[in-house]
Each structure stands twice: as C-alpha cells, then as structure tokens.
Amino acid sequence: MASVAGITRLILGRNVFNSSRTLNAGSIKFYSTAPQYENIKIDVVGEKKNVGLIQLNRPKALNALCKPLFQELGKAVKDFDADDKIAAIIITGNEKAFAAGADIKEMQNNTYSTNVRGGFLQEWEDASNCGKPIIAAVNGFALGGGCELAMLCDIIYAGEKAKFGQPEINIGTIPGAGGTQRLPRYVGKSKAMEIVLTGNFIDAHEAEKMGLVSKVFPVEKLLEETIKLAERIGTHSPLIVKMAKQAVNQAYETTLKSGLHFEKQVFYGTFATADRQEGMNAFIEKRTPNFKNE
C-alpha cells in the first residue's frame, strides 16, 4: 500500500499539483465538518437525507492515508452502517486527489516485527466489514493505498481526470492493503501484473474499459451522479440490499459451485422476510413498495 504525496510529486512533476479548484457539486450543499474528526469531513445528503458522505480531508498531503485518518474513516463507516436512516455510503476526496497513497513518512521506519506485532493496516477492516453499499467517488489521483481504498468499495464512479495506479514498486515494496488481490479480480491477471510491476498509472476511461470503474463523468458532475446512484439503491429494501451485497462478494471468495450454493441459500432466505413479500405484492398490485427492513 503506498505511493503518497512525495513519491507522486517525484513521478509526475511538481507543476501538476499547483492548480487549486474547489470540488463543484452543482446545487448540492457540500460537507459539514464533524468536530470530532480532523482528517475527514462527513455529511448526510440526498433528497431523503439517507446517504452518508465521507470526504477524506488532508488536502496538503493529497489525502495520504495515515493511521489517524483511517481510524476516523472506520468510525464514520461504522456509525453510518449502524444508522437505520442511511441506505448507502459514499467515500470521496477532492478534485486533486481521492487519495494519493499511504503516508510514507508514517511507515518509513516500520520493521517486519513492528508490522506484525502492531497489526499494521488493521484499521482497514472497519471499512471492509461494512454491511451497507459503499461507493467510491474518485476525482484526481487514486494511487497505492488510494487505489486500494477505492477497490475496497463496492462500486467505483470516477471523474474523467481520475488516475489509478499501484506504484509501490517504485519505493521498494508491494501493495499491502489488497492491491495484489483485488486488482486481478477487477481487471484480470495480465493487466494487474502490468500495473503492479511497472507502477504505471491508468486513466479513468482505461479503468472503465478494464472493469475497474463502473462509470466516468465530467469532474463537476461526479459527486452529483454518485449521490443519485446511492439514492437509487436507497429505494430498495435495506435488508435485501445487504443480502445481495453479501452474495456478490461471495463470488470473490469461493468456487463457482460453492458460490451458487451460497446464492441459493440467500435467495431462499429472502422468502423469510417481510420485505420480499411486500416487494412481490407491490409488483402484482402495480404500486410502489413500502419496505420496512424486515
């Protein structure tokens, strides 16, 4: 997991980062700062106020993923996951960087022993264990740990100027937060090997062609479109959405035969829920379902 403000500047040239624009979300009222957080901002957005929004907020470090940031991110994700009013969660950065990687200064003096004894990177589990859908809205650089964070999410939407990459090879290490494991599942072995072994970046449109990104939007439309996606998910039963997420994730964890068995058991399980009954009744009666998360 790496790459990083300093390394990114070294690779790209300092002039890339000189412009400073504010993320434009159209008529959307952007973030309200939670006083308990220093490295992220959170808000609840959408017409029904049912979308949890988390913005990585270390702009001077290009949102480098230090431990305090990830501790705050994990807490925010867990809080939104526990909130029955929240249907989906969005993680985003700013126009320059979703996250340009890990904080190299923080890990520079780590050793194998300290990594093992301290459980380095264990904070990532809070986000990966979330039951609700998490959508990454990626503008700018998503490199190293930033790319790994985006892949940890369930869906990735990207602005047309976004850049993805796993440049850890440039600083004598390898991805450590899922880059070598999730990337092949998204783009296949050959492309993943090329990205990991060269450290090369890929742009948003190439990432979409590879299947890493679901859709690409103009920079100023990205957040608006991501919120629309979260709101669309929010029209469905929260219970069934969670079950569907579990079933899709299982495809990456097991064989096809075992996955099909798991899917069928979850499918059977939906017939024990009031929301499944309500959904089918509403379809037959040609009305909008009233899901109760039961």
Could you give the length gained on full extension between residue 193 and residue 160, defined as 0.36 nm per residue of separation minus the Cα-Cα distance, in nm? 9.5 nm
Neighbour counts of other C-beta atoms within 10 Å: give me 70, 164, 262 arranged from fewest to most. 262, 70, 164
Compute the projected area of the convex hull of the Cα atoms of the chain, averaged over all viewing directions, and report it in nm² to one decimal place. 16.6 nm²
Quick one: work out the % antiparallel among DSSP beta bridges in the chain, nearest 5. 30 percent
At 0.36 nm per residue, minus the direct Cα-Cα distance, what do residue 117 and residue 284 gain on full extension? Give it in nm, one decimal, please. 54.4 nm
When 182, 58 are ordered from fewest to most other Cβ atoms inside 10 Å of their Cβ, what list results? 182, 58
As a quick test, which of the pairs 161/242; 48/221; 163/221; 78/191 have an alpha carbon distance above 25 angstrom in this structure? 161/242; 78/191
In what sequence do 44, 51, 116, 241 fall when counting other Cβ within 10 Å, fewest first? 116, 44, 241, 51
If the cut-off is 17 Å between C-alpha atoms, which aspartates and glutamates fall inside it for residue 75, apart from same-chain ones fewer than 8 positions away? 38, 43, 83, 84, 123, 125, 126
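Throughout, read-outs are computed from the coordinates displayed, never taken from laboratory work. This is a predicted model, so every value here is computed, not measured. Don't worry about glycine lacking a Cβ; one is built from the backbone with ideal geometry, like all the others, and counts go over all protein chains shown.
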